[in-house]
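All of the numbers you see were taken from the coordinates with simple rules; none came from a lab. Since this is a predicted model, take the numbers as computed values, not measurements. Because the Cβ atoms are built from the backbone with ideal geometry, glycine has one as well, and the counts that use them run over all protein chains shown.
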């Protein structure tokens, strides 16, 4: 049986065309998603397996992409820890009981994947509803990004509190990262058991670190986490603003390294090595440009990949809410058409 192009590309096997999927492909830019959100709040949607599976499958089929990604949020795994997670409209996620000391780390509750059973049920329902040839991606936040949310209590521009604990109390930092890594691994393995064909780790905030700090304070935990994921399941290791960290991220593990738009794809692939797959790396704002410009930019990235096995086309981050749906579909069509030719 011929594997789906997305899974083949994860394993650097030849494909008939470059597979493409897009971060945040189920989102506010899509009218079907907005219709569901008129009925359900964000956290309510995440916790409704039927609705989460519906928006997952609808987006993948409407866009014609080569993989679906389960609708969820990277912070869901933090809620069972007892930190008071809230998604407030307009302000984004808030942690009401942030971690600011070693004693706060000790107070975190252990995470039983059963507390996130609604995610696994959404995975099962989405997998059952998708065509057999269309892979389903599960995901989780990576330890550094989740630790930053816990410590900062929400968004940050400087990550000053995070770095203060990381550098000033390495024992507390290590304990937090070890606890997060174990919880994330169990959570991802539960998604795989429920039917996820591949998983992605989102390290959205790790680009704030110096390479030396990444190697000392993040890399060992990433490696332990990736090693704990069920063998044979492709792992995508993604971050933003990580042009200075690519070699260290590669050392942290993963079958596919995600690349954002701040570095040329061919340069990034040369740096991480051609014995690993890469994913990326169109700037999401390019989807606001006219369709001929979108096609030209897709062609340029495909040219940098040079037909080498192991390229998965994606954006460098998620689709923006104001993006026209027909522009997204035009990108998917262009990637398929241009790479097959």
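What does DSSP give for the chain in terms of the percent of beta bridges that are antiparallel, rounded to the nearest 5? Spell out each step's value before the answer.
Working: 4 of 25 bridges.
Around 15 percent of the beta bridges assigned by DSSP in the chain are antiparallel ones.
Mind checking the full-extension length gain between residue 35 and residue 300? Use 0.36 nm per residue of separation minus the Cα-Cα distance, one decimal, nm.
Values: separation 265, 0.36 × 265 = 95.40 nm, distance 3.54 nm.
Contour length minus Cα-Cα distance gives 91.9 nm.
Over the alpha carbons of the chain, what is the largest minus smallest coordinate on each principal axis, giving the biggest first in Å?
If we take the Cα atoms of the chain, the spans are 59, 45, 39 Å.
Can you sort 237, 336, 327 so the residue with the fewest Cβ neighbours within 10 Å comes first?
Working: 237 25, 336 21, 327 18.
Ordered by Cβ neighbours within 10 Å, fewest first: 327, 336, 237.
Mind checking the full-extension length gain between residue 114 and residue 216? Use 0.36 nm per residue of separation minus the Cα-Cα distance, one decimal, nm.
Values: separation 102, 0.36 × 102 = 36.72 nm, distance 3.23 nm.
Extending this stretch completely gives an extra 33.5 nm.
Tell me what the chain gives for mean residue ellipticity at 222 nm when only DSSP H runs of n ≥ 4 count, each as -39,500 (n - 2.57), the sum divided by the residue total, rounded to 500 deg cm²/dmol. Display every interim value, and only then the final one.
Details: 15 runs with 161 residues, N = 341.
Taking each H run of at least 4 residues, the total per residue is -14000 deg cm²/dmol.
Quick one: go through region 154-175 and flag any residue whose amide nitrogen is under 16 Å from the point 7 Å out along the Cα-to-Cβ line of residue 94.
154-156
Would you mind checking region 67-110 for residues with the amide N under 17 Å from a putative spin-label position 7 Å along Cα→C-beta of residue 44?
Label zone hits: 86-90.
What does region 1-156 give for Rg and for Dmax, in Å, if only its C-alpha atoms count?
Here Rg and the maximum Cα pair distance are 17.4, 54 Å.
Ranking 12, 28 by Cβ neighbours within 10 Å, fewest first, what do you get?
Numbers: 12 18, 28 14.
In order of increasing Cβ crowding within 10 Å: 28, 12.
Take the alpha-carbon positions of region 31-116, form their convex hull, and give its projected area averaged over all directions (one quarter of the hull surface) in nm².
Working: hull surface 28.3 nm².
Computing the convex hull of the Cα atoms and averaging its projections yields 7.1 nm².
Quick one: if you take sqrt(5λ) for each eigenvalue of the C-alpha gyration tensor of region 151-210, what semi-axes come out, biggest first, whole angstrom? List each step's numbers first, then the result.
Values: eigenvalues 145, 43, 16 Å².
Computed over region 151-210, the values are 27, 15, 9 Å.
Given a Förster distance of 22 angstrom, what is the FRET efficiency for residue 285 paired with residue 87, based on the Cβ-Cβ distance and rounded to 0.05?
0.35
Please compute the length gained on full extension between residue 275 and residue 174, using 0.36 nm multiplied by the number of residues separating them and subtracting their Cα-Cα distance. Kindly include the intermediate steps, with their values, before the conclusion.
Numbers: separation 101, 0.36 × 101 = 36.36 nm, distance 3.05 nm.
33.3 nm is the gain from fully extending residue 275 to residue 174.
Principal axis extents for region 246-297, Cα atoms only, whole Å, descending order, please.
38, 16, 15
What's the center-to-center distance, using Cα atoms, between region 163-229 and region 59-88 in Å?
18 Å
When the Kirkwood hydrodynamic radius is evaluated over all pairs of different C-alpha atoms of region 196-274, what value in angstrom, to one decimal, is obtained?
Values: mean 1/r = 0.0789 Å⁻¹.
Taking the inverse mean of 1/r over all distinct Cα pairs, region 196-274 comes out at 12.7 Å.
In nm, give the distance between the simple-model label positions of residue 160 and residue 308, each being 7 Å from the Cα along the Cα-to-Cβ direction.
Distance between label points: 4.2 nm.
Quick one: in region 100-150, what % of C-alpha pairs are over 12 Å apart?
On the way: 969 of 1275 pairs.
Summing the P(r) tail past 12 Å for region 100-150 gives 76 percent.
Arrange the following residues from fewest to most other Cβ atoms within 10 Å of their Cβ: 58, 285.
Values: 58 20, 285 14.
Starting with the residue having the fewest Cβ neighbours, the order is 285, 58.
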